[in-house]
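Comments concern the structure below.
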Amino acid sequence: MTSVQASPLLVSLPGAVAGDGVDAPVAAHYGSFNTEQRTLESGEGFVDLSHRDVVRISGPERLTWLHSLTTQHFLALAPREWTTALILSPQGHVEHAFTGYDDGESFWAHTEPGAAGPLLEWLGRMVFMTRVELAEVTDDWAVAWRSRPDAPTYDLVPRGELEAYAQAAGPACGLWAFEALRISRGEPRHLVDTDARTIPNEVGWIGPAVHLDKGCYRGQETVARVHTLGRPPRRLTLLHLDGTENRLPARGAELLMGSGEATKTVGFVGSSARHHELGPIALGLVKRNVPLEVTLEVEGMPAAQEVVVDPEVGLHVRPKLR
């Protein structure tokens, strides 16, 4: 298992302030996360994501193999076209998630920090006689995200060239800005906004990470049933938090509904951030039958809901928020 060291950009770029938790190896901000959000929204700047794990899958049968195992369609994948795929349990729960592209010789993917080991362990058990080779290459390759007016994109950068990349791709924007914009778009982060029971239909991954017109894969029956009939057990929601207190809820904090003896837990909070226009926001995973108009409570703070995954429709397409 690779142990990710602190990004060199924490030292070389002015004003860099380290993040915390699994995001500690990269910069949370470089002095003003509000300004950095506006920079990214304008189609400029880059974000250091070099703490994410990187995996390389090589061999002539890699795409047909990935196609058979995951939720994504790999057979017609264009060269260097970024795509996201999931690996599900037999019951349809999300076990692994990765984003990557194929360069004609290998499929390169990145995952959450620390997630490459479990992913490669599972994939290794599925190789059998297939002509594929698996490797974690986090020590040699780093992930960045670059904002562009036409199409924002991830970049894979040789780790030794990260500082040169930063000079060319600047201005640098921190993870807090990146996360605030992601949350406002209603895009979940695996292992942060999900738990062991999450199915793709609950969090808006039908379409972005689940291709409905492909052959069988593990967990497909659950995905297809909920897609056809609707009404997933839970739904992702965007939470607008009360801004009177200068704090954000802890990841995993309970979402409550009701008051007094009628108070009950209806979900949990995942990621949260301070958005430069919306104020404090978060993503929450709540029971499907929680009324959309009800204001919830987390750690003593009121939290109004905005729809990300509709609780009733069959195809849970994530709407474009703002």
How many residues, within the stretch 148-172, are hydrophobic (A, V, I, L, M, F, W, C), assigned to a helix (DSSP H, G or I) and free of Cβ contacts under 8 Å to residues at least 12 places away in the same chain?
2
Looking only at the stretch 252-281, which residues are without any contact (Cβ under 8 Å) to a residue 40 or more places away in the chain, small (Gly, Ala, Ser) and either assigned to a strand (DSSP E or B) or open to solvent by less than 50 Å² (accessible area, probe 1.4 Å) (or both)?
GLY252, GLY267, GLY279
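From the list ASP139, ASP193, exactly one residue is open to solvent by 20 Å² or more (accessible area, probe 1.4 Å), acidic (Asp, Glu) and touching a residue at least 12 places away in the same chain (Cβ under 8 Å). Which is it?
ASP139
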The condition of being touching a Leu at 6+ places or on another chain (Cβ under 6 Å), surrounded by 23 or more Cβ atoms within 10 Å (Cβ to Cβ) and not basic (Lys, Arg) holds, among VAL309, VAL210, only for VAL309
Kindly provide the set of residues from the stretch 16-44 that are assigned to a loop (DSSP other than H, G, I, E, B) and open to solvent by less than 50 Å² (accessible area, probe 1.4 Å), ordered by number.
ALA16, GLY19, ALA24, PRO25, VAL26, TYR30, SER32, GLY43
Residues in the stretch 45-70 that are part of a helix (DSSP H, G or I) and not aromatic (Phe, Trp, Tyr): how many?
7
Qualifying residues in the stretch 72-98 (those that are assigned to a strand (DSSP E or B) and not hydrophobic (A, V, I, L, M, F, W, C)) - the one most open to solvent (accessible area, probe 1.4 Å):
GLU95
How many residues, within the stretch 229-251, are in a loop (DSSP other than H, G, I, E, B), out of contact with any helix residue (DSSP H, G or I) (no Cβ under 9 Å at 6 or more places or on another chain) and not polar (S, T, N, Q)?
8
Tally of residues being outside any helix (DSSP H, G or I) and surrounded by 14 or more Cβ atoms within 10 Å (Cβ to Cβ) across the stretch 215-228:
3
Any chance ALA303 is of a type in the set (Gly, Ala, Ser), crowded, with 17+ Cβ neighbours inside 10 Å and more than 29 Å from SER89 (Cα to Cα)
yes
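The values are calculated or read from the model by the stated rules, or taken from the named source; none is laboratory data. Please read all numbers here as calculations on a predicted model, not as lab measurements. Counting neighbours? That spans all protein chains shown, and the Cβs are built from the backbone with ideal geometry, glycine included. Note: accessible area is taken over every heavy atom of the protein model, side chains too, but ligands, DNA and RNA are not part of it. Shrake-Rupley method; radii C 1.70, N 1.55, O 1.52, S 1.80 Å.
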